[in-house]
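The values are calculated or read from the model by the stated rules, or taken from the named source; none is laboratory data. Computed from a predicted structure; not experimentally measured. Cβ: placed from backbone, ideal geometry, glycine included. Neighbour counts: every protein chain shown. Only protein heavy atoms, including side chains, enter the accessible area calculation; ligands, DNA and RNA are left aside. Shrake-Rupley method; radii C 1.70, N 1.55, O 1.52, S 1.80 Å.
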Amino acid sequence: EAGVTQSPTHLIKTRGQQVTLRCSPISGHTSVYWYQQALGLGLQFLLWYDEGEERNRGNFPPRFSGRQFPNYSSELNVNALELEDSALYLCASSAGTSGANEQFFGPGTRLTVL
Amino acid sequence: AQSVTQLDSQVPVFEEAPVELRCNYSSSVSVYLFWYVQYPNQGLQLLLKYLSGSTLVKGINGFEAEFNKSQTSFHLRKPSVHISDTAEYFCAVRSGGSNYKLTFGKGTLLTVNP
């Protein structure tokens, strides 16, 4: 069974540009979560989607947004990139919305903003 | 609000020595607790989880953790480490309510030396 996949693996952008990151959850999983892992800041929760709806949002500005498609895959969009957006962006998926459901993580997308 | 404190940012040990990685949490509601491992340039892999029941939880790769509600701790242990255990370890908490995001500690870098 395929795990969570993310694309691209690496990305280099300049300040002010926009970027789209993609995530495909494990087959049968309806929930997708996005996390940012920035140097020195640890793992921070960004967004949670379930059944196509945004269920929760972390403490990030509105230029971070996303969506979930009918096939449960998801995109994370970041507008007006800033240097501090440089980070590893991790996507996770889980089956359903029970609090006990394990989140399975993808390998991440490394974003560098110059 | 919930939070996680990993008391040691780095733990160096020699091969075959025992190790304990410490984790304390705070939450106003019942919690689910997790330990994840991150190898270099990879995503997160679940080591073990506490949902309910026995306070001693056994995970993969010989790791175990003990949930202590009175001390709000969930320390990770392994009786004998290998070089291949060198990685970053993250403790995470999720509340039992309707907010399914994971709150992570800042991580502990375990370095196993020969």
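The rows are residues; the columns are (1) away from chain B (no Cβ under 11 Å); (2) assigned to a loop (DSSP other than H, G, I, E, B).
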| position | (1), (2) |
| --- | --- |
| A:TRP34 | no, no |
| A:LEU43 | no, no |
| A:ALA80 | yes, yes |
| A:GLU102 | no, yes |
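Of the residues making up segment B:44-56, one or more are β-branched (Val, Ile, Thr), surrounded by 12 or more Cβ atoms within 10 Å (Cβ to Cβ) and at pLDDT below 90. Scanning segment B:9-29 for residues that are among the hydroxyl-bearing types (Ser, Thr, Tyr), surrounded by fewer than 17 Cβ atoms within 10 Å (Cβ to Cβ) and over 24 Å from A:PRO107 (Cβ atoms) turns up B:SER26, B:SER28. Inside segment A:28-71, residues that are among the hydroxyl-bearing types (Ser, Thr, Tyr) and open to solvent by 10 Å² or more (accessible area, probe 1.4 Å) make up a count of 2.
Does B:TYR89 qualify as being under 10 Å from the mean Cα position of the chain (by Cα), more than 30 Å from A:GLU53 (Cβ to Cβ) and either part of a strand (DSSP E or B) or of a type in the set (Phe, Trp, Tyr) (or both)? So B:TYR89 fits the description; yes.
Scanning segment B:57-86 for residues that are touching a residue at least 24 places away in the same chain (Cβ under 8 Å), in a loop (DSSP other than H, G, I, E, B) and open to solvent by 70 Å² or more (accessible area, probe 1.4 Å) yields B:GLN71, B:PRO79, B:HIS82.
Of all the listed residues (B:LEU48, B:LEU44, B:LEU109), the sole one being within 14 Å of chain A (Cβ to nearest Cβ), aliphatic (A, V, I, L, M) and touching a Lys or Arg at 6+ places or on another chain (Cβ under 9 Å) is B:LEU48. Check B:TYR32, B:TYR39 and return the single one that is touching a Lys or Arg at 6+ places or on another chain (Cβ under 8 Å), open to solvent by 30 Å² or more (accessible area, probe 1.4 Å) and at negative phi. Answer to the selection: B:TYR32.
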